[in-house]
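So the structure is just underneath, and the comments pick up after that.
All of the numbers you see were taken from the coordinates with simple rules; none came from a lab. Just so it is clear, the structure is predicted and the values come from calculations on it, not from any experiment. When we count neighbours, we look across all protein chains shown, and the Cβ atoms used for this are built from the backbone with ideal geometry, even at glycine.
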Amino acid sequence: MELRLVEYFADEFNKQVGNGVDVRKYPKAMAKLKKQVKRTKEILSANTAAPISVESLHDDRDFRSTITREKFEELCGDLWDKSLMPVKELLKHSGLQADDIYAVELIGGATRVPKLQVKLLEYFGRKDLDKHLDADEAIVLGAALHAANLSDGIKLNRKLGMVDGSSYSFFMELDGPDLSKDGDTRLLLVPRMKKLPSKIFKSFNRSKDFELLLAYDNEGLLPPGLSSPVFAQYAVSGLTDAANKYSSRNLSSPIKTNLHFSLSRSGILSLDQAEAAFQVTEWIEVPKRNLTVENSTIASSNVSVDLGAENTSEQNSNSLESDGGISNASNSTTEPNTVDLGTEKKLKKMTFRIPLKIVEKTMGPGIPLSKESLLNAKSKLEGLDKKDAERRRTAELKNNLEEYIYATKEKFETSEDFERISSNDERQSVIKKLDEVQEWLYTDGEDAAATEFQERLNLLKAATDPIFFRFNELTARPEAVKFARRYLTELQQTIRGWEKDKPWLPKDKVEELSINIDKFKTWLDEKEAEQQNTPVFTSKEVYEKVTFVQNKADSIKKIPKPKPKTEKPINNAETEDTSGDEKPAEESDSSKNEEDTVESEMHEEL
């Protein structure tokens, strides 16, 4: 409905402009028109007429018009009957009549259209429709709760009773060199509104490889964007080889092909597994055994021992046929009391299941891309990403340039300090450049590249940076001078205290530090006397000189106090020390001799 209105107003705008102009060729203008048409349609739901107004729709031309509800219903005349198709199909599928419906609840934004409500009232033969739910909120809430039911990451206190059904019916069709296109090869696989998710199993007699087609059953009811009902094709192979392999054996029944399908929660049908089933009947040799009289059960005393043995052997053979073999438990218990009578042949049925190879060939819009198409798509995506990055960079630089122009003008107009640090001609020259760039920004610069915005910004900064530097120095330089003078005063007091606290410090270095302090003070006095509008010195130079003096002072502070001189010891003490040294040596020699004797004794014992 909105598209019908968009086309109507586009034609009307083209008539107003004339000169062969077609607004449909300009996406930006059409986006503006669509946005306003949506509001106009909402107004028509409550009013008999609605205006539309779009400023600068195209080429600086405004568009204004009006439309009545009657004209809107005329434009959408073929849609009203189509809107009842889902209702009719729902009643047909459920086997109900319109008179059997107790309530008709409207959900969805389009149900607010008065003409649609009139059509529903006429179809159901009712006077009023039920409007107990919020038309938009009901759709969103239902979708959210259904998604929560399907999600594994969201835990609900209890699962909501909600059953979803397939919106479409599907059929399968077999295709092969020995198959004819008739009704036998076509089989309905999934009826409409079948519960989701589901598993489907199909089995049929087939001994050669074949192809399988999956398609929508109703060609008149296809998903949007599809022109052909066939959406998947599978090539099933390996069946011919398996049939040739087992054909020499005794087949008790025709070869069967089993197909396993799955219908996902999203309503997507796919073939998951295919297998061939062979049922073979063969004679196998089974050992014949005869039980003794002690372990056999005799039903009557008149029956001979041989007859009892015969009965027991028949019972054992019957158990072999039913179980397909001999029980291990019975063997373990009766083995000591059995007699081997040879072997006998028994008929046994065996089933072999051979998995078949499946090659999918997706059809329609879901067909996978070739390598070349995939590479082309990737290159296009990379190109689009680069364009998006360049567009974001261009918008950012444009905003930075615009912000810089307005901020600079505001500072020049509001702050009086700029008059102290710059001349009138200098400020007017900067303002003139700002105006020129601003005019370019809103005229030729609308579609400029990012590099142009950066160049204009650098040009403005080259003109304004000297003024802003002097403006910053206006407050930073006095603070730096104040800090430097306070530090020099404190350092001089510290130097005077060194004469008492640290007399060992070299006097020449202390005097050199004092000279540097005096020179720094003299430099500050001279520079402050010369300072006017143009900066003679900067705060950076002040801090560099403070750092130089501070490093000098720190290097002097780190000089350690010299160690006190110790007197040399007297000779007697030296002799005592030497005698004391000799004594331990003698003791060590004696201990060494004792160890040698112990070792010799141990050797003798060995």
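Volume per residue for the stretch 1-124 equals 117 cubic angstrom (convex hull of Cα atoms).
Around the amide H of residue 536, modelled in the peptide plane, lies no amide H under 5 Å away from a residue 5 or more places distant or on another chain.
Cross-link candidates for residue 348: which lysines have Cα within less than 23 Å, leaving aside residues fewer than 8 places away along the same chain? Answer for residue 348, where 23 Å is the Cα cut-off: 245, 256, 288, listed by chain and number.
Can you pull the semi-axes for the stretch 217-263, root of five times each eigenvalue of the Cα gyration tensor, sorted largest first, whole Å?
Working: eigenvalues 280, 27, 15 Å².
So the three semi-axes of the stretch 217-263 are 37, 12, 9 Å.
Taking the square roots of 5 times each eigenvalue of the Cα gyration tensor of the stretch 43-179, largest first, gives ellipsoid semi-axes of 36, 23, 23 Å. Applying 1/(1 + (r/R0)^6) with R0 = 35 Å to the Cβ-Cβ distance of residue 279 and residue 188 gives a FRET efficiency near 0.80.
Just list whichever of 88/199; 92/127; 38/398; 34/71 have alpha carbons separated by over 25 Å in the model shown. Write down the numbers at each step before the final one.
On the way: 88/199 29 Å; 92/127 23 Å; 38/398 32 Å; 34/71 18 Å.
Result: 88/199; 38/398 exceed 25 Å.
Hey, with R₀ at 60 Å, roughly what FRET efficiency would residue 110 and residue 487 work out to, going by the Cβ-Cβ distance, to 0.05?
On the way: r = 79 Å, r/R0 = 1.31.
Approximately 0.15, to the nearest 0.05.
With each label modelled as a point 7 angstrom along the Cα→C-beta vector, the residue 55-residue 392 pair spans 3.0 nm.
Restricting to DSSP loop positions (anything but H, G, I, E, B) with no more than 13 other Cβ atoms inside 10 Å of their own Cβ, which trypsin sites (Lys or Arg not before Pro) remain in the stretch 100-159? All intermediate terms of the calculation are to be shown ahead of the outcome.
On the way: sites: 112, 115, 119, 126, 127, 131, 155, 158, 159; in loops: 126, 127, 131, 155, 158, 159.
Answer by residue number: 127, 155, 158, 159.
Among the trypsin sites (Lys or Arg not before Pro) in the stretch 432-521, none sits in a DSSP loop with a Cβ that has at most 11 other Cβ atoms within 10 Å.
Determine the sum of side-chain charges near residue 190: Lys and Arg each +1, Asp and Glu each -1, restricted to other residues whose C-beta is under 15 angstrom from that of residue 190.
Numbers: positive: 186, 192, 194, 195, 199, 202, 265; negative: 164, 173, 217, 272.
The answer is +3.
P(r) for the stretch 419-483, from all Cα pairs and a bin width of 5 Å, is 3, 15, 20, 18, 14, 11, 9, 5, 3, 1, 0 %, short bins first. Using all pairs of distinct alpha-carbon atoms, the Kirkwood hydrodynamic radius of the stretch 400-557 works out to 19.2 angstrom. Taking label positions 7 Å along the Cα-Cβ direction at both residue 3 and residue 462, the computed distance is 5.5 nm, reported to one decimal.
Can you list which of the chymotrypsin sites (Phe, Trp or Tyr not before Pro) found in the stretch 89-150 are DSSP loop residues with at most 15 other C-beta atoms within 10 Å? Numbers along the way, then the final one.
Values: sites: 102, 123, 124; in loops: 102.
Those that pass, being in a loop and sparsely packed, are 102.
The stretch between residue 476 and residue 244 holds 73.7 nm of extra length on full extension. This uses 0.36 nm per residue minus the Cα-Cα distance.
With the simple model of a label 7 Å out from the Cα in the direction of the Cβ, residue 162 to residue 526 spans 8.6 nm.
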